[in-house]
1. Please list, in order along segment 15-24, the HN-Hα scalar couplings obtained from phi with the Karplus expression 6.51 cos²θ - 1.76 cosθ + 1.60 (θ = phi - 60°), rounded to whole Hz, x for Gly and Pro.
2. At 7 Å along the Cα-to-beta-carbon direction for both T74 and E192, put a label point, then send me their distance in nm to one decimal.
3. Arrange the peptides 180-188, 61-69, 10-18 so that the one whose residues have, on average, the most other Cβ atoms within 10 Å appears first.
4. Taking the Cβ of E80 as the centre, find all other residues whose Cβ is under 12 Å away and add up their charges (Lys, Arg: +1; Asp, Glu: -1).
5. For S86, what residues show an amide H to amide H distance below 5 Å, using hydrogens built from the backbone and excluding near sequence neighbours?
6. Residue by residue through segment 68-84, what is 3J(HN,Hα) from phi via Karplus (6.51 cos²θ - 1.76 cosθ + 1.60, θ = phi - 60°)? Round to whole Hz and write x for glycine and proline.
Amino acid sequence: MKIKKPESKKIIYKAVIIIAAVLLLSIAAFKIFTNESAQLLTKEQAKQAVLKEYSGSVENLTLQSGNYVAELKTGQGLYELELDGSTGEIVSIVLLEPAASAEIRPTPLPSSAPPAGGSALPSPSPTAPRAVSEDEAVKLALQEVPGELDDVDTEINESGAFYLVEVNTTDGREAVVQVDAISGNIMSVAWEEPDEDHP
């Protein structure tokens, strides 16, 4: 008598199909469970996350692809911020429209001490724009994102010259602040993921 081999193959195929189906259902259940545990912030929580980092007023707040996009009006102008929808961490900030008063840089107060080199610098005339020095760009960037200076680069594109100031924050994140080299306006802030090999 011969043993029927095709029946044993059918049993093995059925077992493989059942195991694959169970595995797929397990993966789907895991994804559903993890998505529910990472709930999105409410609009009010997202708004408070913005106002915790920056002073001003939130003009508009929308949810797009799991992240919040906010328009923030400050004394320096109108900014667009992107926030992580579940943590409220600010992912990026871009200057949409500088404030009218931010176009002309203020003159230093008479009581400010002259630089270590000796005489004080002359005040810029309102008609002739002056370039922002690298040191001034660093100061402006550190006012926007408090932390420790990592690096400064000068770049030029079709819209003009700007500085890219890299700042390491106390919570281990790194921000790249784009500062306009003429007006000193903060053009954007991009947050980089922390290095895994550097705690």
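Only the coordinates and a few stated rules stand behind these numbers; no lab work does. Computed from a prediction, not measured in an experiment: that's the story for all the values here. Note that we place each Cβ from the backbone using ideal geometry, even for glycine, and neighbour counts take in every protein chain shown.
1. Per-residue couplings from phi come out as 5, 5, 5, 5, 5, 4, 5, 4, 4, 4 Hz.
2. Label at T74, label at E192, 2.1 nm between them.
3. Taking the mean over residues of other Cβ atoms within 10 Å, the ranking is 180-188, 61-69, 10-18.
4. So the environment of E80 carries a net charge of -3.
5. So S86 has HN proximity to L41.
6. Couplings: 8, 10, 10, 9, 10, 9, 10, x, 8, x, 9, 10, 10, 10, 10, 10, 5 Hz.
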